[in-house]
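Here's the structure, in structure tokens; my notes come after.
The values are calculated or read from the model by the stated rules, or taken from the named source; none is laboratory data. What you see is a predicted model; the values in this text were computed from it and never measured. Because the Cβ atoms are built from the backbone with ideal geometry, glycine has one as well, and the counts that use them run over all protein chains shown.
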Protein chains: 2
Amino acid sequence: MEKEKLIDWETAIRRVPADQLDQVLAPVFDRKAQASAKIIAKGLPAGPGAATGRMYLNADRAVQAAEKGEKVLLVRNETSPEDLRGMIAAEGILTAKGGVSSHAALVARQMGKVCVCGAAALQIDYAAKTMTVDGATFKEGDFLSINGTAGEVYAGQIPTAASEIVQVLIEGSLDAGKSQTYQNFKKLMDWCGKATRMSVRTNADTPEQTAHAVAFGANGIGLCRTEHMFFEGNRIDAMREMILADSKEDRQIALAKILPYQREDFIGIFKALAGRPATIRFLDPPLHEFLPHEGVAQSELAKKMGVPVEEIKQRVKELHEFNPMLGFRGCRLGIVYSEISEMQSRAVFEAATEVQKLGVKVSPEIMIPLVGFKKELDLQVDVVHRVAKEVMKEKGAKLNYLVGTMIEVPRGALTADEIAESAEFFSFGTNDLTQTTLGMSRDDSGSFLGPYQELEIVKKNPFATIDQTGVGQLMEVAVAKGQKTRPDIKLGICGEHGGDPDSVKFCHRIGLTYVSCSPFRVPVARLAAAQAMVEEKQAKKNKK
Amino acid sequence: MEKEKLIDWETAIRRVPADQLDQVLAPVFDRKAQASAKIIAKGLPAGPGAATGRMYLNADRAVQAAEKGEKVLLVRNETSPEDLRGMIAAEGILTAKGGVSSHAALVARQMGKVCVCGAAALQIDYAAKTMTVDGATFKEGDFLSINGTAGEVYAGQIPTAASEIVQVLIEGSLDAGKSQTYQNFKKLMDWCGKATRMSVRTNADTPEQTAHAVAFGANGIGLCRTEHMFFEGNRIDAMREMILADSKEDRQIALAKILPYQREDFIGIFKALAGRPATIRFLDPPLHEFLPHEGVAQSELAKKMGVPVEEIKQRVKELHEFNPMLGFRGCRLGIVYSEISEMQSRAVFEAATEVQKLGVKVSPEIMIPLVGFKKELDLQVDVVHRVAKEVMKEKGAKLNYLVGTMIEVPRGALTADEIAESAEFFSFGTNDLTQTTLGMSRDDSGSFLGPYQELEIVKKNPFATIDQTGVGQLMEVAVAKGQKTRPDIKLGICGEHGGDPDSVKFCHRIGLTYVSCSPFRVPVARLAAAQAMVEEKQAKKNKK
């Protein structure tokens, strides 16, 4: 319509439903093949697109199969961080339990993986390595296909293809670039670039994710979760050694083994960013997440590490928490074990100097998680500055970097004036801020959020769209208090909400500098940010 | 000194350290016997006073022994709600793990039980039914003695006696009434009565606790936790039946069995209060707390209920939560299963009409827990009013009652203006408000609160003394917003902080109507409340 000059480009921007934009990015089924395929179960659409592959019920076996060149679907009752490698290796993820904010769904969106979750009809038998549904039994290695846009599960193999937009931006196809879909997408994104005040960053933990996000137009990284770097390959061994260590010295020895891996990751990320800023969050999750919880895996680890299995069981027991969300995690780890923050600082700064020497600009922004007290931040900022000085001296380099914090517990927002004395930026961790402000666990809310939406207690899922009255109020308090202390403070958001159009518009209205979201949500966020700007202009016009 | 007219009574009030007042209420060891006794371990002083008895390592066996007339000490690695009956039956509680805010410590203070916790030197062998410490092994049935004021554990039996004050107020001894200690105490409490603006209520779940608190000068109940009523005797069976029920009808059948027990409890409590107000909190904890988690107990329950044990295991699994503090609990239960709130309303109002007919005034104040959204409260208020009308019609009676809410999640405080439209009172649940505002689990904070205090991140344990900057700020927001909507709104506090002198004074300064605390902390709170008033007067004088 814009082409025909019936409407101007600003109106065009407003008319595209931002929430549906990611569907044109997702891979699709071959239409003909799909028509003759049979739906065997329905679940929740948790990661858009189409995927097909051989079913595996275990992350390790999924990885092994993928390494042999198989296309793989990971099928689980539910996923946990231990399944991460399997999720990375898989074309798509299918779970029998969990909602749209379950671990599987969140990680899938983060990775841009196709995902169907909570397909309750699936009966998974881990011991027999089979999945039964509606009388039919599937063995590991059998083909399944899933449509994560519609939440459908199919028997058998249905051919898929990348969307034309992905073919152009990620795969570099020139042919697809000529397609109308891509041309329309490009025009829309160009308009967004003209209109937007807020910048759009991405949540990315690997060079690959970063490159994708940049291709989609991300202006940098808003959240790099460093813990995801500890699960791959042999890294988890060193991490476990660190957790099982009895003394600071032994922890330092283990951490020294992790340092080169982490540094390599940062080098890759800084290169992919080509000068764009990278907000790097220090270790956040509770340590027990890195240890195996099942007997067999514990025995294997004991053998590998040459320690009695009782020692591992004992440490897992010690680290057990009643409410891990509110436990020994975030900056509490870096404060009690400052050697962890030291290692992470060193990895960042060594990587930064190395990339800078190649002539590539680097802008690391180190983010301390879960701060509720200014003193917490001060203690971590001291570590970061000390290590930065050491590395700059060793390498004879000069680095520009920022240190800031996540605002993700209410006390952080309420004392933002104090915290801003030490924080050069705030990033709202709205996942946890929602959990703490509402006293509502994301992972456990499935049992009552359904009735709550039916009874209209909540209008939208507060983990998908920011609860503006409650959580939003705290964000506004933090913005006002932060800016009072430090008028030029950088303000961002890195929760899942950063990819939700309503939430993006709210972030614009309260004056944030940027939003950050999963790579495949970047175009959605760019459109929503542009819409917010256009709406603001329109509202001003209407006032006059 | 006051007697000698060297200082006036207001100065006298200010000079008594409120925090130490509960020590003169606690039972004491016979001095001579104690001198020759041997300390075998040290732990944390978690419930003041002296206790002696035969050691039992299991709640059931402790109860059985107590029923046979034995004086019993319950000794555990740590306690959980399943140990409650054993804790009630015991003279004192001794744990090898946990801090001053562990389950054992909190319940002990609530009950006024002597408690030593975290005596790490104790090695408990549940299977062998022995406790080993420093080379010596004690069997179940052996005598131990503990001093909960000093945190000491002794081998053998040391005779104890109630403090003189308790002898007078609880046991009705006339002799002890002549003692100087009692006379001084009485004079101090009389002065407090003159000075105080805030009233002091108690947290009490039984008629006995209520009577004790009234004897200590409580002006009513600020928190009656109805779930504690479900653990005794056969009640837990009906509760478990309710939880395992598949349909609303089956839940109602099970709830009908609980109704008479709950009504009897309320009758006893209303009688003991003799017209004083009673804030009754509806069911709050997650349902899994009522089911057994160990195989043997699950099998026993299955046999008792005539259901397959798999069904019980399945339900326990379904109810498992990653973060139960933030899960399916509080008003979420009463909203999803409104029949629970119906039964509880009926029990309250039937008891109220019955006691009222005896010529005793009743003032029930029904408190809906964990409210974060006005609509949550509205839905529960509807149930309460409907049942109240029904009961009044059935009994031909007229009842005065209030319905209000706990403010215990940040969103409740932030939207207090909306919530006050439906709430006739607020009671600050500062235990949970602290956990959510700080993003810090009370039960899990042991791993970092130590270093946090050493590093001066927190000056005092925020679960013992209100964090005025963060949690206190939210309380002030809620007071201001609540009063804006409803100028005469009743404002109280029912967290553990209600018995902490610094916190009591803070509550006075922000204008609360009352504080509420454990029965044995009532004199402490009364003194702190009087000190707050005297300090306020003094400050005003100094200004002039």
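Got a number for residues in the stretch A:445-462 being in contact (Cβ under 8 Å) with a residue 24 or more places away in the chain and within 19 Å of B:Arg329 (Cβ to Cβ)?
Within the stretch A:445-462, residues that are in contact (Cβ under 8 Å) with a residue 24 or more places away in the chain and within 19 Å of B:Arg329 (Cβ to Cβ) number 4.
For A:Leu474, which of the numbered conditions (1) more than 9 Å from chain B (Cβ to nearest Cβ); (2) crowded, with 24+ Cβ neighbours inside 10 Å fails to hold?
Condition (1) is where A:Leu474 drops out.
Looking only at residues that are of a type in the set (Lys, Arg) and in a helix (DSSP H, G or I) in the stretch B:392-403, which one is nearest to the other protein chains (Cβ to nearest Cβ)? Don't jump to the end; show me each part of the working.
Taking the stretch B:392-403 as the starting set, the residues that turn out to be of a type in the set (Lys, Arg) are B:393, B:395, B:398.
Okay, now just the ones that are also in a helix (DSSP H, G or I), so B:393, B:395.
Details: B:Lys393: 27, B:Lys395: 31 Å.
Selected residue: B:Lys393.
Just the residues that are touching a Pro at 6+ places or on another chain (Cβ under 9 Å) and of a type outside the set (D, E, K, R), please, taken from the stretch B:147-187.
Within the stretch B:147-187, B:Asn147, B:Gly148, B:Thr149, B:Ala150, B:Gly151, B:Thr160, B:Ala161, B:Ala162, B:Ser163, B:Ile165, B:Val166, B:Phe185 qualify.
Out of all the residues in the stretch A:230-250, is one or more closer than 17 Å to A:Glu496 by Cα and among the acidic types (Asp, Glu)? So that I can check it myself, show each step before the final result.
Keep residues of the stretch A:230-250 that are closer than 17 Å to A:Glu496 by Cα, which gives none.
Scanning the stretch A:230-250, I find no residue that is closer than 17 Å to A:Glu496 by Cα and among the acidic types (Asp, Glu), so the answer is no.
Which of the numbered conditions does B:Asp265 fail, given that it passes all the others? Conditions: (1) closer than 30 Å to B:Gly217 by Cα; (2) more than 24 Å from the chain's Cα centre (by Cα).
Condition not satisfied by B:Asp265: (2).
Of the residues in the stretch B:404-419, how many are at the interface with chain A (Cβ under 8 Å from one of its Cβ atoms) and of a type in the set (Val, Ile, Thr)?
So the answer is 2.
Among the residues of the stretch B:34-44, what is the count of those that are aliphatic (A, V, I, L, M), surrounded by fewer than 18 Cβ atoms within 10 Å (Cβ to Cβ) and farther than 10 Å from B:Ile146 by Cα?
1
Within the stretch A:494-504, is even one residue among the charged types (D, E, K, R), crowded, with 18+ Cβ neighbours inside 10 Å, more than 9 Å from chain B (Cβ to nearest Cβ) and touching a Cys at 6+ places or on another chain (Cβ under 6 Å)?
Scanning the stretch A:494-504 turns up no residue that is among the charged types (D, E, K, R), crowded, with 18+ Cβ neighbours inside 10 Å, more than 9 Å from chain B (Cβ to nearest Cβ) and touching a Cys at 6+ places or on another chain (Cβ under 6 Å).
Output the number of residues of the stretch A:456-513 satisfying the condition of being among the acidic types (Asp, Glu), out of contact with any helix residue (DSSP H, G or I) (no Cβ under 7 Å at 6 or more places or on another chain) and more than 20 Å from A:Glu536 (Cα to Cα).
1
Got a number for residues in the stretch A:157-197 being outside any loop (DSSP other than H, G, I, E, B) and polar (S, T, N, Q)?
The total comes to 6.
Just checking, does the stretch A:68-87 include any residue being closer than 14 Å to A:Val116 by Cα, β-branched (Val, Ile, Thr) and in contact with a Ser or Thr (Cβ under 8 Å, 6 or more places away or on another chain)? First the steps, then the outcome.
We begin by selecting, within the stretch A:68-87, every residue closer than 14 Å to A:Val116 by Cα; these are A:73-79, A:87.
Now drop any that are not β-branched (Val, Ile, Thr), which leaves A:75, A:79.
From the residues that got through so far, the ones that are in contact with a Ser or Thr (Cβ under 8 Å, 6 or more places away or on another chain) too are A:75, A:79.
Yes, the conditions are met somewhere in the stretch A:68-87.
Anything in the stretch B:139-148 that is surrounded by 21 or more Cβ atoms within 10 Å (Cβ to Cβ) and either of a type in the set (A, V, I, L, M, F, W, C) or assigned to a loop (DSSP other than H, G, I, E, B) (or both)? List them, or say none.
Matches in the stretch B:139-148: B:Leu144, B:Ile146, B:Gly148.
Condition check ((1) aromatic (Phe, Trp, Tyr); (2) more than 23 Å from B:Thr434 (Cα to Cα); (3) surrounded by fewer than 18 Cβ atoms within 10 Å (Cβ to Cβ)) across all residues:
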| site | (1), (2), (3) |
| --- | --- |
| A:Ile280 | no, yes, no |
| A:Leu283 | no, yes, no |
| A:Val309 | no, yes, yes |
| A:Leu358 | no, yes, yes |
| A:Ile366 | no, yes, no |
| A:Leu377 | no, no, no |
| A:Ala388 | no, yes, no |
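Given the criteria closer than 30 Å to B:Ser199 by Cα, among the hydrophobic types (A, V, I, L, M, F, W, C) and buried (at least 17 other Cβ atoms within 10 Å of the Cβ), does B:Phe290 qualify?
So B:Phe290 does not fit the description; no.
Of the residues A:Thr465, A:Thr437, A:Thr469, which is more than 7 Å from chain B (Cβ to nearest Cβ) and either more than 22 Å from A:Phe373 (Cβ to Cβ) or without any contact (Cβ under 8 Å) to a residue 40 or more places away in the chain (or both)?
Numbers: A:Thr437 fails: more than 7 Å from chain B (Cβ to nearest Cβ); A:Thr469 fails: more than 7 Å from chain B (Cβ to nearest Cβ).
Among A:Thr465, A:Thr437, A:Thr469, only A:Thr465 is more than 7 Å from chain B (Cβ to nearest Cβ) and either more than 22 Å from A:Phe373 (Cβ to Cβ) or without any contact (Cβ under 8 Å) to a residue 40 or more places away in the chain (or both).
So in the stretch B:323-367, with the set limited to residues that are part of a helix (DSSP H, G or I) and acidic (Asp, Glu), which one is farthest from the other protein chains (Cβ to nearest Cβ)?
B:Glu354
Each row is one residue, and each column tells you yes or no for (1) in a strand (DSSP E or B); (2) surrounded by 13 or more Cβ atoms within 10 Å (Cβ to Cβ).
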{"position": "A:Glu10", "(1), (2)": "no, yes"}
{"position": "A:Lys32", "(1), (2)": "no, no"}
{"position": "A:Ala46", "(1), (2)": "yes, yes"}
{"position": "A:Arg61", "(1), (2)": "no, yes"}
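Taking helices (runs of 4 or more DSSP H) that do not extend beyond the stretch A:423-517, which have at least 1 residues that are out of contact with any strand residue (DSSP E or B) (no Cβ under 9 Å at 6 or more places or on another chain), charged (D, E, K, R) and modelled with pLDDT under 95?
Working: elements: A:430-438, A:446-454, A:473-485, A:501-509.
Counting at least 1 such residues, we get A:446-454.
Whether any residue in the stretch B:198-207 is assigned to a helix (DSSP H, G or I), of a type outside the set (Phe, Trp, Tyr) and in contact (Cβ under 8 Å) with a residue 24 or more places away in the chain is what I want to check.
Looking through the stretch B:198-207, at least one residue is assigned to a helix (DSSP H, G or I), of a type outside the set (Phe, Trp, Tyr) and in contact (Cβ under 8 Å) with a residue 24 or more places away in the chain.
Among the residues of the stretch B:420-434, which ones are away from chain A (no Cβ under 11 Å) and of a type in the set (Gly, Ala, Ser)?
Across the stretch B:420-434, the qualifying residues are B:Ala420, B:Ser422, B:Ala423, B:Ser427.
Looking only at the stretch B:294-322, which residues are more than 13 Å from chain A (Cβ to nearest Cβ), in contact (Cβ under 8 Å) with a residue 12 or more places away in the chain and not in a helix (DSSP H, G or I)?
B:Val307
For (1) closer than 26 Å to B:Lys357 by Cα; (2) touching a helix residue (DSSP H, G or I) at 6+ places or on another chain (Cβ under 6 Å); (3) surrounded by fewer than 20 Cβ atoms within 10 Å (Cβ to Cβ), each residue gets a yes or a no:
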residue	(1), (2), (3)
B:Ser173	no, yes, yes
B:Lys186	no, no, yes
B:Gly193	no, no, yes
B:Phe216	no, yes, no
B:Met229	yes, yes, no
B:Glu232	no, no, yes
B:Asp237	no, no, yes
B:Gln252	no, yes, yes
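Among the residues of the stretch B:368-385, how many are in contact (Cβ under 8 Å) with a residue 40 or more places away in the chain and either of a type in the set (Val, Ile, Thr) or more than 14 Å from every other protein chain (Cβ to nearest Cβ) (or both)?
Of the residues in that region, 5 qualify.
I'd like to know if the stretch B:70-82 contains one or more residues that are hydroxyl-bearing (Ser, Thr, Tyr) and either in contact with an Asp or Glu (Cβ under 6 Å, 6 or more places away or on another chain) or over 21 Å from A:Phe322 (Cα atoms) (or both). Show your work before the answer.
Going residue by residue through the stretch B:70-82, those that are hydroxyl-bearing (Ser, Thr, Tyr) are B:79-80.
Next cut, either in contact with an Asp or Glu (Cβ under 6 Å, 6 or more places away or on another chain) or over 21 Å from A:Phe322 (Cα atoms) (or both) only: none.
No; the residues of the stretch B:70-82 include none that is hydroxyl-bearing (Ser, Thr, Tyr) and either in contact with an Asp or Glu (Cβ under 6 Å, 6 or more places away or on another chain) or over 21 Å from A:Phe322 (Cα atoms) (or both).
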